[in-house]
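Reviewing the structure listed below.
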Amino acid sequence: MGIQGKIHNQIRRLRFEHDEMTQAALAKAAGVTRQTIMSLEANKYSPSLELAFKISRVFNKPLTEVFSYEQTEP
Amino acid sequence: MLSLQHLSTREQNILATLTLDLLVTLYYFSELAGMETGLTEPSEQMGQLILKVIILSILASILLFGWIRWRSGEEEPRDERDYQIEAKANSIAYGVLFGAVALLIGHLIINAIDWHASVMPFLSFTPMLCAHALLVILLLSSTAKSVTQLYLYRRGI
């Protein structure tokens, strides 16, 4: 069995800190659908590295401040 | 209870595809069951039915997908999550297609070697029956794809 883990994010908090940015506005800025932002916030989807960088850039934050990786015991 | 409003445009399109596939197939086979020649032999009636089903499918698709498009207002662009979900659904649909075709081939071979050892010795595997079996396999594969997509959109990947 390989190492298991989950990617967590601070997207919801960061959206509210950015003048209560809507999911649709973030989706448009990152070039994805609103459903993908909803899935990310619900931790139902782990983004590609490219999308993670795009979202970090929208918030003007380093990648590690937006996304974190939590390793779980297999 | 999940209503249409809780589904994204993409999920509504997938649900429409699934419903249309199942309804058209159900209609086709129910009409076919009423024919004297049935599934095994080709007939003029069967040709007319196939033409009717194709025309009905096209009309129903235009109406249903047009209505979904009209309700949503604009076309939803696809992103990486959509492609990932479609890839997983395609992989499962391929498994279903491969498994079912392998079973059909196996059955045809057994049927040809020893007719009495066949699982369905009461059926003579005419080319028309094989075509219908393949049609059912295609439906199974398509259903597996749609169901997987709907499941992954709801549960997440």
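Nothing in this text is a laboratory measurement; each read-out follows from the coordinates by a stated rule. Everything numeric in this text was worked out from a predicted model, so none of it was measured. Quick reminder, even Gly has a Cβ in these numbers, built from the backbone with ideal geometry, and neighbours come from all protein chains shown.
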Please report, to two decimal places, log10 I(q)/I(0) for region B:4-155 at q = 0.08, 0.11, 0.16 Å⁻¹ as given by the Debye formula with identical point scatterers on the Cα atoms and no solvent.
-0.32, -0.57, -1.00
Give the relative contact order (percent, whole number) for chain B; include only Cα pairs under 8 Å separated by 6+ residues.
38
In region A:4-72, how does Rg compare with the Kirkwood Rh, expressed as the Rg/Rh ratio over alpha carbon atoms?
0.93
Any DSSP H helix in chain B with Cα axial reach of 27 Å or more and mean Kyte-Doolittle score of at least 1.0? Listed by number, the hits are B:44-72
Work out the charge dipole of region B:1-120 with +1 on the Cβ of Lys and Arg and -1 on the Cβ of Asp and Glu about the Cα centre, then indicate which of B:S57, B:Y94, B:L7 is farthest towards its positive end.
B:L7
Which value, in debye to the nearest 20, describes the size of the charge dipole of chain A about its Cα centre when Lys and Arg Cβ atoms bear +1, Asp and Glu Cβ atoms bear -1, and nothing else is charged?
220
Please give the charge dipole size of region B:1-110, origin at the Cα centre, charges +1 on K and R Cβ atoms and -1 on D and E Cβ atoms. Round to the nearest 20 debye.
160
Using +1 at the Cβ of each Lys and Arg and -1 at the Cβ of each Asp and Glu in chain B, identify which of B:G73, B:L23, B:L104 lies farthest towards the dipole's positive end.
B:G73
For region B:1-60, treating each Cα as an identical point scatterer without solvent, what Debye log10 I(q)/I(0) comes out at q = 0.12, 0.23, 0.27, 0.30 1/Å?
-0.41, -0.91, -1.09, -1.21
Treating region B:64-118 as a set of equal point scatterers at the Cα positions, no solvent, please give the Debye-formula log₁₀ I(q)/I(0) at q = 0.20, 0.29 Å⁻¹.
-0.82, -0.98
Helix A:49-59: inclination vs chain A longest Cα principal axis, degrees, rounded to 10, gives 40
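Can you compute the charge dipole magnitude of the protein assembly as shown about its Cα centre, using +1 on each Lys and Arg Cβ and -1 on each Asp and Glu Cβ, nothing else charged? Give it in debye, rounded to the nearest 20.
So the dipole magnitude of the protein assembly as shown works out to roughly 740 debye.
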One-quarter of the Cα convex hull surface for the protein assembly as shown, in nm²?
18.1
Over chain B, the sum of -39500 (n - 2.57) across DSSP H runs of at least four, divided by residue number and rounded to 500 deg cm²/dmol, gives at 222 nm -27000 deg cm²/dmol
Inside 10 Å of the C-beta atoms of B:72-83, what's the mean count of C-beta atoms belonging to other chains?
4
Among A:G31, A:F53, A:Y69, whose Cα projects farthest towards the positive end of the dipole of chain A, with charges put on the beta-carbon of Lys, Arg (+1) and Asp, Glu (-1)?
A:G31
